[in-house]
Structure formats: C-alpha cells, structure tokens
1. Of all residues in the range 63-116, which are among the aromatic types (Phe, Trp, Tyr), over 16 Å from Asp4 (Cα atoms) and modelled with pLDDT under 95?
2. Answer with yes or no whether Ser27 is over 22 Å from Ser193 (Cβ atoms), in contact with a strand residue (DSSP E or B) (Cβ under 7 Å, 6 or more places away or on another chain) and in a loop (DSSP other than H, G, I, E, B).
3. Which condition does Val21 not pass, out of (1) β-branched (Val, Ile, Thr); (2) part of a loop (DSSP other than H, G, I, E, B); (3) within 23 Å of Trp136 (Cβ to Cβ), if it passes all the others?
4. Output the residue which, of all residues in the range 158-205 that are under 15 Å from the mean Cα position of the chain (by Cα) and part of a loop (DSSP other than H, G, I, E, B), is surrounded by the fewest Cβ atoms within 10 Å (Cβ to Cβ).
5. Which residues, taken from the range 53-71, are within 24 Å of Gln17 (Cβ to Cβ), without any contact (Cβ under 8 Å) to a residue 60 or more places away in the chain and either of a type in the set (A, V, I, L, M) or part of a loop (DSSP other than H, G, I, E, B) (or both)?
6. Of all the residues that make up the range 15-28, how many are crowded, with 19+ Cβ neighbours inside 10 Å and of a type outside the set (Gly, Ala, Ser)?
7. Return only the number of the condition from (1) surrounded by 14 or more Cβ atoms within 10 Å (Cβ to Cβ); (2) outside any loop (DSSP other than H, G, I, E, B); (3) under 16 Å from the mean Cα position of the chain (by Cα) that Asp110 does not satisfy.
8. Identify all residues within the range 132-157 that are outside any loop (DSSP other than H, G, I, E, B), of a type in the set (Ser, Thr, Tyr) and over 20 Å from the mean Cα position of the chain (by Cα); write none if there are none.
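The values are calculated or read from the model by the stated rules, or taken from the named source; none is laboratory data. Owing to the predicted nature of the structure, the values given are computational and were not obtained by experimental measurement. Here the Cβ positions follow ideal geometry from the backbone for every residue, glycine too, while neighbour counts run over all protein chains shown.
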Amino acid sequence: MINDLNMAEMAFALDLQDRIVGLTGISGWYKMTPEFKKAMGSIPELAPKYPTLETLLAAEPDFFFAGWNYGMKVGGEVTPDTLSKYGIKTFVLSESCVFTTAHKNKATMDLLYNDILTLGKIFGKRNDALSLVSGWKKRLSELPKPAAGTRPLKVFVYDSGEDKPFTSGKYAMPTAMIEAAGGKNAMEALDTSWGTTSWERRGRY
C-alpha cells in the first residue's frame, strides 16, 4: 500500500502495480494526469488524503510506503510503530525524515536514488532500480553546462495558496532537482521541507 502521488510514481517506475493493493493521498491533494491514471489502472484509492489506521488494516497490506507528513504524522495513529503491532512493515520516504530529526541535511538527489534502490531491493527489482538510477544520472550529466561566471537561474516552486504561497524549502526534493538541473531554488533559505512564505519575501529573491 502506498501513500501520495510521488511515491506511487516511484513504485510505478519499477512496474510494481501488481504488488499494490491500494493507494491513498492522491485525489484529495492532486489532480491526476492521464498518464498517472493509466499507470494506476485498476488499483483502488482507499482514502483521498491521510489513511486512518482502520483503512490500512481493512486493506490487509504487508507493507506501507509513506512519509512523515505524507500519510503519517508524528504522534498520530498511523506510524511505523503502530503498524508494526499489526505485522505491517513501513518504508519511510527519506526526504520526510527531516520532520523527526534535529540534524537536518539539505536535500540532494541521493535521497531519491537511495529510496528507489531500497524499493527495488524490497521487491526483488534491484537491477531495474539500478538501471533507473543510472539513467537519471546520465540524463543529468548530459544537460548543457552554464557558461563560466553566469549565475544560476532562480526558480520559485509554487504549489498552492493565494495570500501566502506554499512552496519548497531547502530540505525538499525540488531544491535538489532544481540544483541538479543547474538552477537555484529562490526559497532555499526557507528552513523547512515544504511550507508557506510571503509574496513579499518571494519578491526579495
């Protein structure tokens, strides 16, 4: 069982659809693309946002792929500890672990690479995972290099919000992806993973 669109896409990239009993946290947060719907196929969405413990137990999964603030909340009813009591193993998205540790590191592409490799190992798709990571690294290495002395293009990640925009901070994967492509997250000084900022602060960068 998998929570969130991004984690579902990671599993789809490894062709794990036949191992997934259900998804959660998709339609309540996102508008699904035709490509995602096609990859999702007949997999049911069991909850539009956060799954309850009851929802998880009813699906009888062996495994739950989610993250802190991506299907699980610190101190909530759905955590690795609570699920382990029912024999459900949990794989926690590495990016989300900033919510549970005092020692935070800026997001890098290695977070994605390592999570894909771990997912591949869990489901017996190690070679497929290695091939995916190798392909991603190759594509990044083939991007045009900026001219010497030029400043990286600043990118503002807009997720949602009108009075206050919801955006990506230094610990979220978009920061790593922007930098890997040669850019710079305009909100990388935001000391969080995802959070709100002000339009005034955005205008200063």
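1. Once the filter is applied, which keeps residues that are among the aromatic types (Phe, Trp, Tyr), over 16 Å from Asp4 (Cα atoms) and modelled with pLDDT under 95, the range 63-116 yields only Phe99.
2. Yes; evaluated as a whole, the condition is true for this residue.
3. In the conditions (1) β-branched (Val, Ile, Thr); (2) part of a loop (DSSP other than H, G, I, E, B); (3) within 23 Å of Trp136 (Cβ to Cβ), Val21 misses (3) alone.
4. Asp159
5. Result: Leu56, Leu57, Ala58, Ala59, Glu60, Asp62.
6. 5
7. (1)
8. The initial filter retains those residues of the range 132-157 that are outside any loop (DSSP other than H, G, I, E, B), namely 132-141, 154-155.
Going one step further and asking which of them are of a type in the set (Ser, Thr, Tyr), we end up with 134, 141.
Once the filter is applied, which keeps residues that are outside any loop (DSSP other than H, G, I, E, B), of a type in the set (Ser, Thr, Tyr) and over 20 Å from the mean Cα position of the chain (by Cα), the range 132-157 yields only Ser141.
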